[in-house]
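Undergrad: The structure is given below, and queries will be raised subsequently.
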């Protein structure tokens, strides 16, 4: 049994899952539109939360927020579950598949058998869709993969109940009811206002543009405070979050720029095209930071940067993003 879900590859897993599920219910939103409505662009640097014993840096909101925000803003009803019992989680998923309902879920990537070995590490915030079962094998639409993949019952149960930081606990979600009409314009404006609020107004200094400055100040002191070896490990973690987990800094900025370009047409507000260009420039700055940081981390060639220079580049990025979101927060219909 295989549900007629169209698998489309995406840059980021939760964007792709949300877009693919919406397409199944005849709501054809692009990945950038999903990302923008869901206010997926964010930043946080949280020294008190560790991933592999190194402080977490994140370029996205918590897993599930994009799907939740997009469906709520479009008036779509959903159901979400988490479990303590793996067998119950698998049985309830099977029942949904038998009813022809594709199921989104959160998994850990370390034991995903179809992932290349170099991309398997303890990260428990990956999204995919299960859309069929044949004997003991499940059909998987994983948006970061080019083609449909498969997992056995035991493999799927294992990744659904991966251990470690933020364990998925069998989390699954699906669309239960779709309205006859959706307010796309209103959803776009709400998404932009949410992203602007999150990037500008959270008072805790670890989040939004304040968070970028917070990390920049700390990064500058890493070699002196931690020693060269540990400082390099910390920098390597930032690079991994930038370039390997989801799409990170530059990639998210490019997706958001594409969203603003699309939103300019839907809302008939051409000024958003200029902001889109500014966001693309910021994306280029993040890419420059990732390139220089990687060269510094690996100590390769002459194009390396000091930690102080990397800190200064982050400050420039923070200033540019602050100006962009000050413009965007004024949006209205």
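Derivation of every value follows stated rules applied to the coordinates shown; laboratory data play no part. The model shown is predicted, which means the values in this text are computed figures rather than measured ones. With ideal geometry, Cβ positions are generated from the backbone for all residues, glycine too; neighbour counts draw on all protein chains shown.
Undergrad: For volume of the Cα convex hull per residue in Å³, one of (1) 122; (2) 130; (3) 144 was computed from the structure I shared and the rest are decoys. Which label?
TA: Computed from these coordinates, volume of the Cα convex hull per residue in Å³ corresponds to label (2).
Undergrad: Report, in degrees rounded to the nearest 10, the 0 to 90 angle that the Cα long axis of helix 228-243 makes with the longest principal axis of the chain.
TA: The two axes meet at around 50 degrees.
Undergrad: Then there's this: Report the label-to-label distance for residue 193 and residue 48 in nanometres (one decimal), using points 7 Å from each Cα along the Cα→Cβ vector.
TA: Between residue 193 and residue 48, the label points sit 3.0 nm apart.
Undergrad: Compute the semi-axes of the equivalent ellipsoid of the range 141-215, taking the square root of 5 times each eigenvalue of the Cα gyration tensor, and list them largest first in whole Å.
TA: Numbers: eigenvalues 210, 118, 32 Å².
Ellipsoid semi-axes (Å, largest first): 32, 24, 13.
Undergrad: Can you give me the distance in nm between label points at residue 169 and residue 182, each placed 7 Å from the Cα along the Cα-to-Cβ direction?
TA: Once both label points are built, they end up 2.9 nm from each other.
Undergrad: Using a cut-off of under 20 Å, list every residue of the range 4-24 whose amide N is near the label point 7 Å from the Cα of residue 137 along the Cα-to-beta-carbon line.
TA: 4-8
Undergrad: Can you give the FRET efficiency to the nearest 0.05 for residue 308 and residue 204, using r as the Cβ-Cβ distance and R₀ = 22 Å?
TA: 0.30
Undergrad: In addition: Using the basic label-point model (7 angstrom from Cα toward the beta carbon), what is the residue 2 to residue 98 distance in nanometres?
TA: Label-label distance for residue 2 and residue 98, simple model: 2.2 nm.
Undergrad: Output needed: percent of Cα pairs per 10 Å distance bin for the range 184-328, bins running from 0 to the one holding the longest distance.
TA: Histogramming the range 184-328 at 10 Å steps yields 12, 39, 31, 14, 5, 0 percent.
Undergrad: Taking the chain as the reference, fit the longest principal axis to its C-alpha atoms, fit the long axis of helix 307-328 to the helix C-alpha atoms, and give the angle between the two in degrees, 0 to 90, nearest 10.
TA: Long axis of 307-328 versus the principal axis of the chain: about 60 degrees.
Undergrad: For n ≥ 4 DSSP H runs only, could you compute -39500 (n - 2.57) per run for the chain, divide by its residues and tell me the 222 nm figure to the nearest 500?
TA: The helix-only estimate for the chain comes to -17000 deg cm²/dmol at 222 nm.
Undergrad: Using the alpha-carbon atoms, what tilt in degrees (0 to 90, nearest 10) does helix 86-98 show relative to the longest principal axis of the chain?
TA: 60 degrees
Undergrad: How would you rank 251-257, 12-18, 220-226, highest first, on the average number of other Cβ atoms within 10 Å across their residues?
TA: Going by the mean number of other Cβ atoms within 10 Å, highest first, we get 12-18, 251-257, 220-226.
Undergrad: Same structure again: Using a Förster radius of 25 Å, what is the FRET efficiency between residue 157 and residue 77 based on their Cβ-Cβ separation? Nearest 0.05, please. Mind dumping the intermediate values first?
TA: Working: r = 28 Å, r/R0 = 1.10.
Result of the calculation: an efficiency of 0.35.
Undergrad: For residue 150 and residue 25, calculate 0.36 nm times their separation in residues minus their Cα-Cα distance, and state this gained length in nm to one decimal.
TA: 42.7 nm
Undergrad: A further question follows. Place a point 7 Å from Cα of residue 226 in the direction of its Cβ. Which residues in the range 27-63 have their backbone N less than 15 Å from it?
TA: 45-58
Undergrad: Let me ask something else. For the range 49-96 and the range 145-174, what is the separation of their Cα centres, given in Å?
TA: Distance between centres, Cα-based: 11 Å.
Undergrad: Let me have the relative contact order for the range 184-328, percent, based on Cα pairs under 8 Å that are six or more residues apart.
TA: Taking the mean separation of contacting Cα pairs over the length of the range 184-328, I get 31 percent.
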